[in-house]
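Below you'll find the structure, written out as structure tokens, and then a few comments.
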């Protein structure tokens with residue numbers, strides 16, 4: 001039984017007498033796996049004070065000092081990499097293969113990318129007599145989710161350290177074990193006291209205290225659009241910078257010249273990865289209307305190869321939904337889709353056969369979905385693929401862009417120029433052409449209600465920096 005009874009503040013693990021605890025549930029068994037202390041605004045105040053004190057010196061650390069620190073963190077992370085994968089499987093149900101090949105390594109990837117960017121990043125620019133400086137913004141509040149827990153922690157922490165910021169982090173209350181392990185990594189790496197602080201807790205208490213705190217200079221949040229809006233509204237009172245990576249309802253356009261067998265098989269399996277709990281999930285598959293049945297049959301065949309079960313089993317492709325509330329939401333949205341007239345090609349609500357406990361759902365494909373259906377407009381955050389028909393390339397683009405979100409998108413075509421042309425017309429922060437792999441150095445973020453700001457690579461650095469013009473510097 002894991003016991004997270006202490007926050008990490010000022011380089012020390014800090015306990016609070018009489019604090020309330022929250023049970024942590026293993027999503028594969030629905031049984032308690034541990035408990036976590038619930039912080040309050042009092043602990044947030046303590047963490048902010050520690051971060052402010054540390055900023056007085058860390059803001060003026062040299063590039064070389066920060067490179068050395070990041071190198072130490074990377075060395076410690078590598079030592080704990082298998083353990084990181086194991087705790088992610090335990091806390092949010094990622095299958096061991098996914099945890100070992102993607103979830104845990106993603107944290108290491110962001111740290112290593114920050115090192116490469118920092119080596120050559122320019123923190124000043126001369127324009128005649130004026131020097132334009134890029135300086136650390138200050139104390140950064142960070143609020144991270146449960147679906148890719150260590151990925152979202154490190155893609156904020158790494159650029160913050162690289163730019164000389166200090167931070168107060170609230171990890172997800174659903175999946176806090178990876179954060180606790182990361183605390184140990186940071187401590188062992190010798191991160192100066194107060195540079196990195198963690199307060200465990202829930203959104204309405206700790207999250208609200210962070211976003212509205214007058215001494216926090218910036219908030220970086222990843223989560224639902226509803227949650228992002230609440231953070232932004234609360235932060236507005238102190239006019240702080242807010243960067244957000246929020247929800248998505250991304251469209252995947254299959255043009256009529258695409259290899260349907262290969263593309264639909266690949267993209268259906270991708271939609272089931274991480275149990276569909278990925279904000280960039282290509283959950284709307286757009287196909288020529290006269291090929292709807294063909295597309296549905298290929299997707300059905302692919303979805304029915306997905307093995308669902310114990311995430312600790314090496315042969316499992318899809319584990320459980322990470323927590324009970326989300327499990328219920330996914331089932332309800334499946335039922336709504338069927339009632340609104342979407343055709344259930346495979347799957348549907350209810351647990352897969354043979355699984356009587358755990359937050360397991362069926363890999364699900366809906367066909368004959370229309371753009372106005374709930375399943376085509378709301379983010380499900382589960383392994384649910386909706387196939388929508390279109391009559392022309394122009395209509396496909398219009399349907400893809402007809403969404404309050406704009407996080408990701410994709411185009412499949414045998415003609416690279418045609419794919420590029422369609423990609424240029426999509427109102428979304430990222431577009432994948434013909435199953436291109438992810439790029440950890442490319443800017444990550446979205447348009448519209450999918451957020452603002454960009455994470456990953458050198459673009460991430462800019463969000464953590466303020467700009468100062470020093471006139472007469474070179475006079």
Report the gain in length on full extension from residue 335 to residue 131: 0.36 nm times residue separation, minus Cα-Cα distance, nm rounded to one decimal.
67.4 nm
How high is the FRET efficiency from residue 462 to residue 120, r the C-beta distance, R0 22 Å, rounded to 0.05?
0.90
Pop the C-beta distance of residue 370 and residue 475 into the FRET formula with R0 = 60 Å and round what comes out to the nearest 0.05.
0.35
Sorting 321, 397 on the 10 Å Cβ count, fewest up front, what's the list?
397, 321
Mean-position separation - Cα centroids, region 324-368 and region 405-470, in angstrom:
30 Å
Relative contact order computed over region 251-439 (Cα-Cα under 8 Å; 6+ residues apart), in percent
28 percent
A correct Stokes-Einstein calculation for region 184-325, using the alpha-carbon Kirkwood radius, 25 °C and 0.890 mPa s, returns a whole-number D in µm² s⁻¹ of 130 µm²/s
Need one number: nm distance between label points at residue 78 and residue 357, each 7 Å from Cα along Cα→Cβ, rounded to one decimal.
4.1 nm
Go through 435-448, 31-44, 203-216, 244-257 and give me the packing order, highest mean Cβ count within 10 Å leading.
244-257, 203-216, 31-44, 435-448
Ranked from highest to lowest mean number of other Cβ atoms within 10 Å per residue, what is the order of the peptides 152-159, 258-265, 4-11, 59-66?
152-159, 4-11, 258-265, 59-66
Taking a point 7 angstrom from the Cα of residue 20 along the C-beta vector, which residues in region 183-216 have backbone N less than 16 Å away?
200-209
What percent of all Cα-Cα pairs in the chain falls into each 10 Å bin, going from 0 up to the bin containing the maximum distance?
4, 20, 29, 25, 15, 6, 1, 0
Using DSSP, restrict attention to beta bridges with both residues in region 84-173 and report what percent are antiparallel, rounded to the nearest 5.
45 percent
So if I average 1/r over every pair of distinct C-alpha atoms in region 251-439 and take the inverse, what Kirkwood radius in Å does that give?
16.5 Å
Ellipticity estimate at 222 nm from DSSP helix runs (n ≥ 4, -39,500 (n - 2.57)) divided over the chain, nearest 500
-11500 deg cm²/dmol
Under the 0.36 nm per residue contour assumption, what length would be gained going from the current alpha-carbon distance of residue 394 and residue 238 to full extension?
51.8 nm
Among DSSP beta bridges whose residues both lie in region 251-439, state the antiparallel percentage, nearest 5.
15 percent
Express in nm, to one decimal, how much length is gained between residue 439 and residue 60 on full extension, taking 0.36 nm for each residue of separation and deducting their alpha carbon distance.
133.3 nm
Relative contact order for the chain using alpha-carbon pairs under 8 Å, separation at least 6, rounded to a whole percent?
19 percent
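Each value in this text was obtained by applying a stated rule to the coordinates, not by laboratory testing. This structure is a prediction, so every number in the text was calculated from the model and none was measured. In this analysis, Cβ positions are derived from the backbone assuming ideal geometry, glycine residues included, and neighbour counts consider all displayed protein chains.
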